[in-house]
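Here is the structure we will look at.
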Amino acid sequence: MSKALLTTTEAAEFLGVSKAFLERDRWAGARVQFIKIGSRAVRYRLSDLEEYIEQQIRHSTSEVA
């Protein structure tokens with residue numbers, strides 16, 4: 001497992017979402033876990049991004065998240 005930390009831009013690219021999606025997610029309650037370094041730097045662990053993807057698996061479009 002890699003311990004490298006990804007920037008918001010890199011994490012957004014990995015997930016296939018916009019940078020704004022991740023910024024809104026942090027503001028709204030962080031479904032995607034992140035790490036705050038210092039007062040400004042935000043980073044994401046690859047393992048947390050993969051876990052988020054796994055949590056999004058659904059078996060039906062009518063399934064409640």
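Nothing in this text is a laboratory measurement; each read-out follows from the coordinates by a stated rule. Since this is a predicted model, take the numbers as computed values, not measurements. Because the Cβ atoms are built from the backbone with ideal geometry, glycine has one as well, and the counts that use them run over all protein chains shown.
Could you give the angle, 0 to 90 degrees to the nearest 10, between helix 19-28's Cα long axis and the longest principal axis of the Cα atoms of the chain?
Around 80 degrees separate the two axes.
Filter the trypsin sites (Lys or Arg not before Pro) in the chain to those in DSSP coil with at most 16 other Cβ atoms within 10 Å of their Cβ, and list the result.
Answer by residue number: LYS3, ARG31, ARG40, ARG58.
Anyone know which of GLY16, GLY29, GLY38 comes out most mobile in the 10 Å Cα GNM of the chain?
Answer for the Gaussian network model of the chain: GLY38.
Could you give me the ³J(HN,Hα) list for region 31-38, computed from phi with Karplus coefficients 6.51, -1.76, 1.60 and θ = phi - 60°, whole Hz, x at Gly and Pro?
Along region 31-38, the couplings run 6, 9, 5, 9, 10, 9, 10, x Hz.
Report, in deg cm²/dmol and to the nearest 500, the calculated mean residue ellipticity at 222 nm for the chain, where each DSSP H run with n ≥ 4 adds -39500 (n - 2.57) and the sum is divided by the residue count.
-12500 deg cm²/dmol
Please compute the contact order of region 5-55 in relative form: average sequence separation of alpha-carbon pairs under 8 Å and at least six residues apart, divided by the residue count, as a percent.
This gives 41 percent for region 5-55.
Please determine, in degrees from 0 to 90 and to the nearest 10, the orientation of helix 46-55 with respect to the longest principal axis defined by the Cα atoms of the chain, where the helix direction is its Cα long axis.
On a 0 to 90 degree scale, this one is about 20.
Magnitude of the Cβ-charge dipole of the chain, K/R +1 and D/E -1, about the Cα centre, nearest 20 debye?
With only Lys, Arg, Asp and Glu charged at Cβ, the dipole is about 340 debye.
Using a cut-off of 13 Å between beta-carbons, work out the net charge of the residues near ARG43 (Lys and Arg +1, Asp and Glu -1, ARG43 not included).
Net charge in that neighbourhood comes out at +3.
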